[in-house]
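K.L.:
Before anything else, here's the structure in question.
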Amino acid sequence: MKKFALFILLITTLTGCTLEDDNQDSYTYEVLPVDSYTLPEKFILGNTYEIKLKYTKPTECHLFQGIYYNKDLNIRTIAIQTALNNNQVCTQSIPVPSEVSFNFYVTNTGSYIFKFYKGKDAAGTELFKEVEIPVVN
């Protein structure tokens with residue numbers, strides 16, 4: 001009888017636990033364009049500046065995930081990262097204007113070039129707005 005009880009307990013334990021979650025959400029990640037930005041006219045070496053970005057979520061279901069920020073020497077490429085829950089029913093709604101910011105610490109002399117992602121053209125080519133900001137001592 002003890003062996004039978006242990007066998008039932010073992011079977012119940014093995015079948016009661018599953019690694020799959022049927023309610024697991026799946027997400028689509030999207031990069032959104034920067035509509036506008038706030039930059040100073042010049043940077044001073046060693047100072048920190050708040051850079052504000054405005055963007056538009058296509059729907060209320062787009063969740064802000066962060067700022068895409070890539071640096072290559074003195075070039076900074078910037079876009080907005082969002083996630084969209086594929087299991088959530090979301091109707092196309094009025095676009096939602098949003099604003100985020102980040103702090104930029106000036107570490108080099110010369111100039112910085114900011115490339116703000118502006119979307120894609122009809123051929124699928126990514127478009128950027130480049131802004132050069134000089135660094136003064």
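K.L.:
Which trypsin sites (Lys or Arg not before Pro) in the stretch 24-72 pass both tests, a DSSP loop state and at most 14 other beta-carbon atoms within 10 Å? Intermediate values should be presented prior to the final figure.
P.N.:
Details: sites: Lys42, Lys52, Lys54, Lys71; in loops: Lys42.
Those that pass, being in a loop and sparsely packed, are Lys42.
K.L.:
Please give the FRET efficiency for Ala123 paired with Asn85, using the beta carbon to beta carbon distance and R0 = 25 Å, rounded to the nearest 0.05. List each step's numbers first, then the result.
P.N.:
Working: r = 30 Å, r/R0 = 1.20.
E between Ala123 and Asn85, to the nearest 0.05, is 0.25.
K.L.:
Let me ask another. Of Cys61, Cys90, which has the most accessible area and how do the rest follow, probe 1.4 Å? Mind showing how you got there, number by number?
P.N.:
Values: Cys61 10, Cys90 50 Å².
Result, largest first: Cys90, Cys61.
K.L.:
With all protein chains present, how much of the accessible area of the stretch 27-137 (probe radius 1.4 Å) comes from carbon and sulfur, to the nearest whole percent?
P.N.:
Numbers: 3340 of 6790 Å².
Looking at the stretch 27-137 in its full context, I get 49 percent from C and S.
The values are calculated or read from the model by the stated rules, or taken from the named source; none is laboratory data. Every value quoted in this text rests on a predicted model; they were computed, and no experiment measured them. Glycine also receives a Cβ, built like all others from the backbone with ideal geometry; neighbour counts cover every protein chain displayed. Side chains are part of the model used for accessible areas, which takes the heavy atoms of the whole protein and leaves out ligands, DNA and RNA. Shrake-Rupley method; radii C 1.70, N 1.55, O 1.52, S 1.80 Å.
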